[in-house]
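Visitor: Before we start, here is the structure in question, set down as structure tokens.
The values are calculated or read from the model by the stated rules, or taken from the named source; none is laboratory data. Source: prediction; values computed, not measured. Every residue, glycine among them, receives a Cβ derived from its backbone with ideal geometry; neighbour counts consider all protein chains shown. The protein model used for the area step is the full one, side chains on, heavy atoms only, and it has no ligands, DNA or RNA in it. Shrake-Rupley method; radii C 1.70, N 1.55, O 1.52, S 1.80 Å.
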Amino acid sequence: IISLEDKVARRKSVETLGRYKGQFLATDVENTLAKVLSDDDPYTVEVAVWALSQMNTQKELILTQICHLLDSESVNSRVVIQALLSLKFHKAIPKLESLMDSSDQATASAAAAACSVLKSDAKIMERVVQILSNPDLNTRRAGIEDITLAGFHPATSRIAELPNALVLRSRSVRKLVDLSATENPDTWTHDTEILLDRLIWDHPSSIDLLGLRNETKKSMSLERNIERLYKNDARFAYLAQRTLVENHCTETAGACILESFQKQPYFDYFGAYHVFKSLGWVQYTPAASMLLEQFQTLPPRFFNHQLGAALALAKLGHVEAVDDLFRVGQETRIWELKYACLIASEILGDPLCLRNALKSDPDWLIARRAKSKQSFEHLLGL
């Protein structure tokens, strides 16, 4: 019997082989990974499938072996489908087509996206776009991932408005906008700028809650919606933001929101972002010092929280933040944070003119938006 520790070690070994991408002893590594495909541990098998896709194996025997894993009940079908797509194994199409009607929507999404690319049939992607309206958070996440992998940029605007985490949506939108610009530079338009502005501003009125709404008076209460800000399912957190904006835009609400954050025993990764944004929406100015401190001190891995704090400070009209916005806007390499600093600094009047500084930014998208004559005033009307 193999211990859990040994299984984990084997998975890491297989992963390491994949990361080398066949740079050393490619044939031996390929054959070794092929043997792992029949391992008893499904997680090790999944890592081996990924590793072989990283090596871009083209041995038909191995590709067929990977395809047969779609019949396994223990191996994650999405991992296998994504590998078959990456390896462009067209002989897998019949099997993939049969999975397009799978009762598991995440599997159906991956299969449809793979078929669309392998058959060069964009119409099939409409199946994936429809899956984006699923009320289940993980199913929507799968759909976003599949659309991104397939490079289906007609779905960009739909992804931007989904009730999923901003980090997931912004990553997808950026890849699709990059792809679209590479294929045709003229696709950058006024509408592209508006879409990106609203994506980063992330006002709850711009989010499609997929039919979720307050059904009772109790569900609209301040207490209930402050609790919702900490839900892992972003759909509930965005409903909370919208409810707070529409029904609780008061000093009392702001104080309660801030108090809830201060009482947390740890930094709530999901809740903190929605708390920061809500403090801005309800215009609770006493929170400005806390928001500025968070913006100044949070490490890069919490860039979405920095972003949320920056935009809340802009909504509060906290001009004291301009110097830090100018500094971070130039120093960060994270495009979402840089974009947020541009929006926030300009809304605050920015005497340092971050826009001018970013016109020569190495990130083409940031430089393009900085050079645009389009202001950010339209965001204040949301």
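Visitor: At 1.4 Å probe size, with every protein chain present, just tell me what the per residue accessible area of segment 258-382 comes to in Å².
Guide: Details: 5440 Å² over 125 residues.
Here the residues of segment 258-382 average 43 Å² of exposed surface.
Visitor: While we're here: Restricting to Cα pairs below 8 Å that are 6+ residues apart, what does the relative contact order work out to for segment 81-146? Please round to a whole percent.
Guide: Numbers: 76 pairs, mean separation 18.7, N = 66.
Once normalised by length, the contact order is 28 percent.
Visitor: Find the lysine pairs in segment 20-146 meeting two conditions, Cα atoms under 29 Å apart and a separation of 8 or more places or different chains, and report how many there are.
Guide: Close lysine pairs under the 29 Å cut-off: 20.
Visitor: Could you check how much of the accessible area of segment 1-150 is carbon and sulfur, as a whole percent, using a 1.4 Å probe?
Guide: Details: 4040 of 7860 Å².
Carbon with sulfur: 51 percent of the solvent-accessible area.
Visitor: When the Cα centres of segment 97-163 and segment 12-64 are compared, how far apart do they sit, in Å?
Guide: When both Cα centres are located, 27 Å separates them.
Visitor: Give the lysines whose C-alpha is closer than 29 Å to that of residue 277, dropping any in the same chain fewer than 8 places away, or say none.
Guide: Of all the lysines, those that pass the test against residue 277 - Cα under 29 Å, at least 8 places apart if same chain - are 175, 217, 218, 231, 263, 315, 338, 359, 371, 373.
Visitor: Hey, another quick one. What does the C-alpha gyration tensor say about the overall shape of segment 80-237? Classify as rounded when a/c is under 1.5, otherwise prolate if a/b is larger than b/c, or oblate. Show your work: numbers first, answer last.
Guide: On the way: a/c = 2.82, a/b = 1.45, b/c = 1.94.
Cα axes put segment 80-237 in the oblate bin.
Visitor: Which value, in Å³ per residue, describes the convex hull spanned by the Cα atoms of the chain? All intermediate terms of the calculation are to be shown ahead of the outcome.
Guide: Working: hull volume 65.3 nm³, N = 382.
Expressed per residue, the convex hull around the Cα atoms of the chain is 171 Å³.
Visitor: Let me ask you something else. Would you tell me the accessible area of residue 198, worked out with a 1.4 angstrom probe on the heavy atoms of the protein chains, in Å² to the nearest 10?
Guide: Probe radius 1.4 Å; accessible area of residue 198 about 100 Å².
Visitor: Let me ask you something else. Would you mind estimating how fast segment 247-382 diffuses translationally, via Stokes-Einstein at 10 °C and 1.306 mPa s with the Kirkwood radius over Cα pairs, in µm²/s?
Guide: The Stokes-Einstein estimate is 105 µm²/s.
Visitor: In deg cm²/dmol and to the nearest 500, what is the mean residue ellipticity at 222 nm of the chain if only DSSP H runs of at least 4 residues count, each as -39500 (n - 2.57), divided by the residue total? Show your work: numbers first, answer last.
Guide: Numbers: 22 runs with 242 residues, N = 382.
-19000 deg cm²/dmol, from helical runs alone.
Visitor: Next up: State to the nearest 20 debye the size of the charge dipole of the chain about its Cα centre, where the only charges are +1 on K and R beta carbons and -1 on D and E beta carbons. Walk me through the numbers before you get to the answer.
Guide: Details: 44 positive and 48 negative charges, 59 e Å.
The calculation lands at about 280 debye.
Visitor: Which whole-number value in Å² is the accessible area per residue of segment 92-194, probe 1.4 Å? Mind showing how you got there, number by number?
Guide: On the way: 4410 Å² over 103 residues.
For segment 92-194, the solvent-accessible area averages 43 Å² per residue.
Visitor: Please compute one quarter of the surface area of the Cα convex hull for segment 21-95 and express it in square nanometres.
Guide: On the way: hull surface 17.5 nm².
With the hull built on Cα positions only, its mean projection is 4.4 nm².
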